[in-house]
Amino acid sequence: MKILIFAGGVGTRLWPLSRKNTPKQFGQIIGDKSTLQQTIDRLTPEFDPKDIFIATGVQYKETVISQLHKIPQENFIFEPTMRDVGPAIGLNAFLLAKLHPDEPIAILWSDHMVKNHVMFRHVLRLAEESIIKYDANFVFIGQEPRFANQNLGWIKLGEKIKEENGAEIYEFNKLLYRPKLEEAEQYFSVDNYVWNLGYFVTTPRFLVSLFKEHAPDMYSKLLEIQDAYQTPEFEKVLHSVYSTLDKISFDDAILVKMSPKNVFVISTDLGWSDIGAWDALKEALAESSEENITKGKVLLEDTVDSLVFNYTDQLSVGIDLKEMLVINTDDVLLVCPKSSVPKIKKLVENLKGTSHEHLA
């Protein structure tokens with residue numbers, strides 16, 4: 001099986017640590033390695049580095065190569081410009097279809113936290129087996145929900161197929177994207193919904209067929225890029241054609257239109273968390289909601305349910321804080337309630353055209 005890891009997002013909800021030129025997946029958010037490096041570390045006990053491919057923007061080429069010495073140079077795929085996740089998955093699927101059309105491939109993301117590494121690798125192999133032995137076309141990997149999460153998509157499960165070593169395989173029913181709170185609470189109250197992690201296993205050939213059926217205009221352009229792949233004209237064609245693709249999510253372009261036939265869902269507890277925002281990172285790291293999470297030189301008194309990350313040599317002190325976020329970098333200090341995280345992205349967008357644009 002091949003592994004394709006996407007490492008191209010900007011991550012404005014983790015600003016000011018994550019910025020346009022230094023995205024979150026390359027920073028040391030947890031521990032002394034980047035989340036991209038940690039993603040590779042939890043895979044390589046089971047998967048050979050030569051079977052791992054990295055997709056990112058060309059602007060991050062030097063950074064990503066410097067962090068991943070074990071990955072062969074030819075396994076890096078660089079998008080010339082950002083065109084959203086639909087075109088990004090399409091580009092990589094078409095290129096890999098020229099190399100390994102019928103070999104199962106796992107699509108993963110580089111900015112998540114997974115605590116149960118052994119189960120994670122087991123689930124990937126179980127998904128691979130579902131493709132090879134049980135004629136599945138597409139296998140979603142879902143996390144058993146811990147709370148009524150409004151910021152994630154959910155998957156409604158169909159009939160249970162089998163269980164193996166703590167992982168359950170179901171038929172796929174449907175996707176539900178970022179529900180309202182009352183809907184998320186309803187999903188959480190029953191046992192036939194799981195979080196959609198954006199992880200799935202399929203084959204490059206099947207992905208290409210989905211684009212042909214559901215996104216024919218994008219299909220024809222990606223086919224042009226595929227035809228030029230591994231020829232002297234590739235870079236020229238890639239740059240001229242890829243920038244013309246519509247910006248659209250993979251969910252909207254493909255997944256919501258995909259037939260549920262031969263689509264499976266593997267559900268288990270991976271200890272997975274989306275650490276794409278400061279409040280999500282707090283939830284992922286804390287053993288209880290009241291616990292404080294700190295990094296760097298921090299001193300707290302009478303403080304609960306707060307995250308204080310200090311990336312400077314100066315001491316950060318908090319007194320009587322409750323449900324607060326404090327992020328201190330060399331050039332920006334962010335202080336806000338956890339509930340205000342959605343406003344961070346808008347603030348960063350509003351920096352454009354101002355004297356603070358260089359901080360975005």
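Rule-based calculations on the coordinates, nothing more; no lab input. These figures come from a predicted structure and were not determined experimentally. Cβ placement follows ideal geometry from the backbone for every residue including glycine, while neighbour counts extend to all protein chains displayed.
Filtered by the rule that a residue be farther than 30 Å from Asn165 by Cα, of a type in the set (Gly, Ala, Ser) and surrounded by fewer than 20 Cβ atoms within 10 Å (Cβ to Cβ), the stretch 232-269 gives Ser240, Ser243, Ser249. Looking across the stretch 138-163 at every residue that is touching a strand residue (DSSP E or B) at 6+ places or on another chain (Cβ under 9 Å) and loosely packed, with under 14 Cβ neighbours inside 10 Å, the one that is farthest from Thr268 (Cα to Cα) is identified as Glu159.
Within the stretch 189-231, the residues that satisfy the criterion of being among the hydroxyl-bearing types (Ser, Thr, Tyr), surrounded by fewer than 22 Cβ atoms within 10 Å (Cβ to Cβ) and more than 17 Å from Val85 (Cβ to Cβ) are Ser189, Ser209, Ser220, Tyr229, Thr231. Every listed requirement among (1) of a type in the set (Gly, Ala, Ser); (2) in contact (Cβ under 8 Å) with a residue 40 or more places away in the chain; (3) in contact with a helix residue (DSSP H, G or I) (Cβ under 8 Å, 6 or more places away or on another chain) is met by Ala228 save one, (2). Just to be sure before I move on: is Phe53 part of a loop (DSSP other than H, G, I, E, B), closer than 26 Å to Phe138 by Cβ and touching a residue at least 40 places away in the same chain (Cβ under 8 Å) in the structure I sent? Considered against the rule, which asks whether it is part of a loop (DSSP other than H, G, I, E, B), closer than 26 Å to Phe138 by Cβ and touching a residue at least 40 places away in the same chain (Cβ under 8 Å), Phe53 comes out as no.
The residue that is nearest to Thr303 (Cα to Cα), among those in the stretch 236-257 that are charged (D, E, K, R) and touching a residue at least 40 places away in the same chain (Cβ under 8 Å), is Asp251. Here Arg42 does not fit the description of being closer than 30 Å to Val335 by Cβ and charged (D, E, K, R). Inside the stretch 1-29, residues that are assigned to a loop (DSSP other than H, G, I, E, B) and under 16 Å from the mean Cα position of the chain (by Cα) make up a count of 9. Strands (runs of 3 or more DSSP E) fully within the stretch 258-360 that include at least 3 residues being in contact (Cβ under 8 Å) with a residue 24 or more places away in the chain and out of contact with any Cys (no Cβ under 8 Å at 6 or more places or on another chain): 263-268, 272-274.
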